[in-house]
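Take a look at the structure below.
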Amino acid sequence: MNEIISCEKSTFNNGTKIYRQFNCDSSWLVFESKARKKRILFSLDKNLIELTEKLGYTSWVEYKSTFIIENRLISGCCDPPEYVLFDKNSGKKIAELGREVFHSEIQKYPYFVTIDKEKYSFLSFLNLNTNKIFKINLPKGRIDQALKKSNYIFAEYLFEKGEIKNGIFEIKYKYKTKETNKWLIEKIKVDLNQYVNK
């Protein structure tokens, strides 16, 4: 088991820790507060222990007062992972964030970006430090049409890897229209500097 499960501790900026432990029956992910109080965030029983770090809570990113954990619902392809938001001081779960279009690891721009799940009509930007949200509208019906005209099940796979440069978030996505079966590309640019302190 030592070969497949890393028990190395990650220490957050505030002194709290997150790490894995295991025995013959299961593996689990532990959050440890500064007062050394431990909270099990996730566990796998012995039937799935070999999938530790591939299934369930697999990786995390730290922010000012929170951290997000990637939750792989299946081990392998092809469903996108979902994400869960936790309080960095207590280890308590704050929210299920769902699937991502993008998440920033830049502390100045701590955004988690998702797409509207009902009509795919906007991108939602959640500031992981302030819990404030702003939205950017997408052309009506464009993503829905692209999903209907393609083999994609998840809208998130229409988006390329986004990036932030000098506070400007850029991401491209592909789509199809009723008139053409050819993929078209659209770029979204958002100046995060206008939102970061609001």
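The values are calculated or read from the model by the stated rules, or taken from the named source; none is laboratory data. Fair warning: this is a prediction, and the values are worked out from it, not measured in the lab. As a convention, Cβ positions derive from the backbone with ideal geometry for all residues, glycine included, and neighbour counts pool all protein chains shown. Note: accessible area is taken over every heavy atom of the protein model, side chains too, but ligands, DNA and RNA are not part of it. Shrake-Rupley method; radii C 1.70, N 1.55, O 1.52, S 1.80 Å.
Some points to look at:
- Among (1) closer than 18 Å to F67 by Cβ; (2) of a type outside the set (A, V, I, L, M); (3) surrounded by 13 or more Cβ atoms within 10 Å (Cβ to Cβ); (4) modelled with pLDDT of 95 or more - the single one F159 does not satisfy: (1)
- Among residues of the range 82-99, those that are within 17 Å of G56 (Cβ to Cβ) and not hydrophobic (A, V, I, L, M, F, W, C), counted: 7
- Among (1) outside any strand (DSSP E or B); (2) buried (at least 16 other Cβ atoms within 10 Å of the Cβ); (3) at negative phi - the single one N13 does not satisfy: (2)
- Cβ-Cβ under 8 Å pairs, at least 6 apart or on other chains, the range 159-187 side without any contact (Cβ under 8 Å) to a residue 24 or more places away in the chain and farther than 18 Å from F102 by Cα, far side part of a loop (DSSP other than H, G, I, E, B) and β-branched (V, I, T): L184/T177
- Selection from the range 105-124 of residues that are of a type in the set (S, T, Y) and within 14 Å of I171 (Cα to Cα): Y111, T114, S124
- Complete set of residues in the range 100-126 that are over 15 Å from E62 (Cβ atoms) and in contact with a Phe, Trp or Tyr (Cβ under 7 Å, 6 or more places away or on another chain): E100, V101, V113, D116, F125, L126
- Tally of residues being without any contact (Cβ under 8 Å) to a residue 12 or more places away in the chain and within 27 Å of K37 (Cβ to Cβ) across the range 59-91: 1
- At least 3 residues being open to solvent by 30 Å² or more (accessible area, probe 1.4 Å) is the threshold, and among the strands (runs of 3 or more DSSP E) wholly inside the range 54-122 those reaching it are 56-62, 93-99.
- Residue match in the range 135-154 (condition: in contact (Cβ under 8 Å) with a residue 24 or more places away in the chain, β-branched (V, I, T) and buried (at least 18 other Cβ atoms within 10 Å of the Cβ)): yes
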